[in-house]
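Let me begin by presenting the structure, written as structure tokens, before commenting on it.
The values are calculated or read from the model by the stated rules, or taken from the named source; none is laboratory data. The model shown is predicted, which means the values in this text are computed figures rather than measured ones. Cβ: placed from backbone, ideal geometry, glycine included. Neighbour counts: every protein chain shown. In case anyone asks, the SASA skips ligands and DNA or RNA and just uses the protein heavy atoms, side chains included. Shrake-Rupley method; radii C 1.70, N 1.55, O 1.52, S 1.80 Å.
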Amino acid sequence: VSEKGYPYVQVSGELTLNEDQTKAEVVYRVQQNGYVEKGNTFYAGNFRTREKIFDQELIMKPGDPFSLKKMTEGQKNIRSMNIFRSVAFYPVGLKEEAETIHLFTEVEEEKPFYFEVTGGYDSEKGLYTTSTIGDRNFLGSNKDFKIGGELSKTGYKGESRLFEPRFMGTRVSADSGVHFERTEPFNQKFGVKSKGTDVQFSRKWKKQTRLGLGFDLEKREQYRRNSNVDKDDVYDPRTILVVTPSIRFDSRDNFLNPKEGIFCLFGVGVSKGIKDSSDNFFKPRTDFRAYITPLDRLTLAGRGSVGKIIRYGSKSKIPDDQLFYLGGTNSVRGFKENELLVDHDNDPVGGKQMFLGNAEARIDLGSNFELSFFYDMGYLNDTKDKERSGNVRSSAGIGFRYVTPVGAVGLAYGHKLNPQSYESTGRFHFSIGYTF
């Protein structure tokens, strides 16, 4: 009754038993008292933020039945915005049992501008440095606008992005941007230059589920890095449109250092070449991760990832830069980056089908140190070149990490199981963050 506009409702109950005390009659008396409606909302402390941004987050509108629950939900929505340090609601007239309740909202805004510089070393890209400058409350509209770039041993990239948590006032978030990039992945015989624009839409469906839809228009050029590359392996500049619907479920208890829960992502990239049919294919991919902590200091983690490229409307071969490659810090440790499979020239072999499996036991040693034992397995099939080994490769190893508030920093050694005569027996990997 209170939620329907009667916050001053009073309820009393009376109990009456029959003579042999085998039945009870309960009578509730509900006194609604006066009907109360929501009045105006007044704001203070929003020196930069527009008032309409607040109004989008409030559940109640002026004239609606006053609801304490809806008032709390609106306050929670505003507090969850990334642009305020504190938020307080004061219902004016509630204590006096007025017929109209006005809301007075007092906020303290975060500093909108930020500048970040990071640097380090990662086995996947070598030495690197990144920088970003942005405004988390762009034009007072609760939009995050940023410009950033990265320089590493494998190349460079730059981008500008605009994130809107409430696209056109809806509950759909939008992340759009433009970018350029030049990358030469480790151990690959080709490099890629690209530039383009993209927009990603997402919406929370249920408590732990999010739906997504992405559009990416990109001009892409694959070039030779050495004279050993066949002429047929080099492509003219291509313009590609990719549409990617996806669904994500995430019940992990912590994003950076999960101990319990599961994460599952399924997406299908529908790629279409504008003038060239070599990029006409579907690319479904699933990533599943699970975490459980059976003992106080022991966490068991697992990952399974499956991908496939399905050609449509064309018989031409898939470009090298679109194939799946495995091996390295973030896939199968113990192998060099992208070198799970190699051909007889020792060049990486990519495939149209991929499966990746990882299992890891993480032991908390105390003082933020962690010891891990892992097993990795990778599978590539439908390859363009003849690989020198079987399609399935695996490794096992040990890792040591220091867990910081912003992620883990670690060193791991992976030992190849059944290494070939032309291979090393294993490899060290340094990484920032967990492999999965």
Rounded to whole Å, give me the distance from the Cα center of region 416-436 to that of region 263-295.
25 Å
Go through region 284-297 residue by residue and turn each phi into a ³J(HN,Hα) via Karplus (6.51, -1.76, 1.60, θ = phi - 60°); whole Hz please, and just put x for glycine and proline.
x, 8, 10, 10, 10, 9, 9, 9, 8, 10, x, 10, 4, 10
Per residue, how big is the convex hull around the C-alpha atoms of the chain? Give it to me in cubic angstrom, could you?
223 Å³
How much mean residue ellipticity at 222 nm does the chain get from its helices, if each DSSP H run of length 4 or more adds -39500 (n - 2.57) and you divide by all residues, to the nearest 500 deg cm²/dmol?
-1500 deg cm²/dmol
Region 256-309 - Debye-derived log10 I(q)/I(0), Cα point model, q = 0.22 Å⁻¹:
-0.81
Roughly how big is region 202-295's charge dipole about its Cα centre, with Cβ charges of +1 (Lys, Arg) and -1 (Asp, Glu), in debye to the nearest 20?
500 debye
Rounded to a whole number, what is D in µm²/s for region 347-414 from Stokes-Einstein with the Kirkwood radius over alpha-carbon pairs (4 °C, 1.567 mPa s)?
92 µm²/s
Net length gained if the chain between Val30 and Leu151 were fully extended (0.36 nm per residue, minus Cα distance)
36.7 nm
Inter-label distance for Tyr312 and Thr129, nm, one decimal - labels placed 7 Å from Cα along Cα-to-Cβ:
4.5 nm
With a Förster distance of 35 angstrom and the Cβ-Cβ distance between Glu97 and Asp55, calculated FRET efficiency to the nearest 0.05 equals 0.85
Per residue, how large is the accessible surface of the chain? Use a 1.4 angstrom probe and give square angstrom.
55 Å²
Can you tell me, using C-alpha contacts under 8 Å and at least 6 residues apart, the relative contact order of the chain as a whole percent?
8 percent
Nearest 0.05, what FRET efficiency do Leu411 and Ser176 give at R0 = 35 Å with Cβ-Cβ as r?
0.40
Per residue of region 421-436, in order, report the coupling 6.51 cos²θ - 1.76 cosθ + 1.60 (Karplus, θ = phi - 60°) as ³J(HN,Hα) in whole Hz, putting x for Gly and Pro.
5, 8, 10, 6, 7, x, 7, 8, 9, 10, 8, 10, x, 6, 4, 7
How much length would be gained if the chain were fully extended between Asn40 and Lys219, taking 0.36 nm per residue of separation minus their Cα-Cα distance, in nm to one decimal?
59.4 nm
On full extension of the chain, what length is gained from Gln208 through Arg297, given 0.36 nm per residue of separation minus the C-alpha to C-alpha distance?
29.4 nm
Which percent of the accessible area of the chain is formed by carbon and sulfur heavy atoms (probe 1.4 angstrom)?
55 percent
What ranking do 206-217, 125-136, 9-20 get when scored by the average of other Cβ atoms within 10 Å per residue, highest first?
125-136, 206-217, 9-20
For the chain, longest principal axis from Cα atoms; helix 68-79 axis from its Cα atoms; angle between them, nearest 10 degrees, is 40 degrees
Tally Lys and Arg at +1 and Asp and Glu at -1 over the other residues with C-beta under 9 Å from the C-beta of Arg333: what net charge comes out?
0
